[in-house]
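Encoded as structure tokens, the structure appears first; notes follow it.
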Amino acid sequence: MLTHCAHARYVWNLAVEQHAHWRPGRRSAPSFAEQCRQLTEARREHGWLGAGNADVQQQALKDFARAKSARFTSGFGEPTWRRKHVHEGFRVIGTGRVPECHADGSPKLNARTGRPVMGRSVVVRRLSRRWAQVRVPGCGWVRFRLSARGKGAELPGAKTFRVTFRSGRWHVTFAVVPDPVPAPGTGGVVGIDRGVTVTAALSDGRMLNCSQLTVRERAQIRKHQRRAARARKGSPGKAAAYAKVAGLRAREAMRRKDWCEKTSTMLARTYDLVRFEKLNIKTMTRSAKGTVEQPGQNVAQKSGLNRSILAQGWGLLRQRTGHKAPGRVEDVPAPYTSLRCSACGWIDKNSRKSQAEFVCSSCGFTCNADTNASNNVAAGQGGIPRPRRTAGAGGATTATRRPNAREPQPARVGIPLF
């Protein structure tokens, strides 16, 4: 399987090199069909490449073609180089033959012959309740552990699967479009305020925190990092220390992913409408080091904040909830959701006493600051309000208010908007 990873990475990098030298006005870049013909010639000339599986290598070219065509819509930009020990993985096309079906379940028929259209499918054998095996080219049947309980090993609709190697562990992922989670039909609306201290504060009062490393595990990371820093460059001890750190980091990532999967499933099953505050996480976690001419300030503090934000899994939680509840997830503008009173709608920065305390300076409403923000998100109250000259919620006009206060918006907490 490591040889398959090397072949897929080598073919991918060759495709990247071909398109890197192409410029507008010159000869057009080779297409997928042309690259497949070049791959056939390269397999004849090079024995190392010819000894590998042709389907794995052609699938790497197909993945590159898809990434190239979706560079403007995927958000990842141009396909880049793949490195050894970092991008280890390959995709396998299913070997089984099953009839293809339309979205309504009816079989697809050939227009000329009238027979069902046969497509490729992944063949998986179930060994027990938690274990199954799949056929990998050149490796035979490979056992794997079923990560989702109650899921059958047949995997209907899976045409390909991807094998990856990360932090000393092999993973297999099947390309199956899961069925969306049905709405409960209760009309419930929930707002979610995301933060660093509390990962997700729900408008019903619940506080959810993403799974993190324990104090002992963090101490182990620091210990192994110190050993790696003191070890000789290129020594086995240095590599072993870094491998232990990578294993602990991988454990943290798996815990974060598991928490996001379980939390997103709970939200999709419990509420008919889920509202998140709209956050630009990429901009929020941008480095503050600046440039040589204009160096940044508090760079170390900003780096620590960026690590804390990325460890919460904000983006993954929003993404997986949207996948499981399509059409039932909305984004509410984040400005002033933490400063607006969810009872009267008055906005004042002095109402936020601390990270966890909110006391409205107009009506005296007291609540947890994160719960108050989630109530505003649930009501769809976000963004910069329009200034008005009428009297405020406390009976005073804007002229008698403090300069940092704004007039309220109509409070609609608890009233469904659909």
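Quick note: the coordinates plus some simple rules give every number you see, no bench work behind them. On a predicted model such as this, the values are computed, not experimentally measured, just so you know. Backbone-built Cβ (ideal geometry, glycine too); neighbour counts: all protein chains shown.
Expressed as a rounded percentage, what relative contact order does the stretch 259-335 have, with Cα pairs under 8 Å and six or more residues apart?
Reported as a whole number, the value is 51 percent.
Taking R0 as 41 Å, what's the FRET efficiency between Arg286 and Leu2 from their Cβ-Cβ distance, rounded to 0.05? FRET efficiency, Arg286 to Leu2: 0.70. Once you've got the Cα coordinates, tell me which of Lys68/Lys159; Lys108/Lys282; Lys108/Lys257 are over 32 Å apart. In this structure, Lys108/Lys282; Lys108/Lys257 lie more than 32 Å apart at Cα. Take the Kirkwood radius over Cα pairs of the stretch 189-332, plug it into Stokes-Einstein at 4 °C and 1.567 mPa s, and you get 74 µm²/s for translational diffusion. Among Phe76, Phe161, Phe365, Phe64, the order by Cβ neighbours within 10 angstrom, fewest to most, reads Phe76, Phe365, Phe161, Phe64. Ranked by how many other Cβ atoms sit within 10 Å of their own Cβ, fewest first, the residues Lys349, Lys244, Lys324 fall in the order Lys349, Lys244, Lys324. For Cys341, Cys36, the sequence from fewest to most other C-beta atoms within 10 Å is Cys36, Cys341. Annotation: amide H of Thr337 within the under-5 Å range of Gly383, sequence separation 5 or more or interchain, hydrogens built in the peptide plane. Roughly how many whole Å is it from the C-alpha centroid of the stretch 232-255 to that of the stretch 301-348? Taking the Cα centre of the stretch 301-348 as reference, the centre of the stretch 232-255 is 32 Å away.
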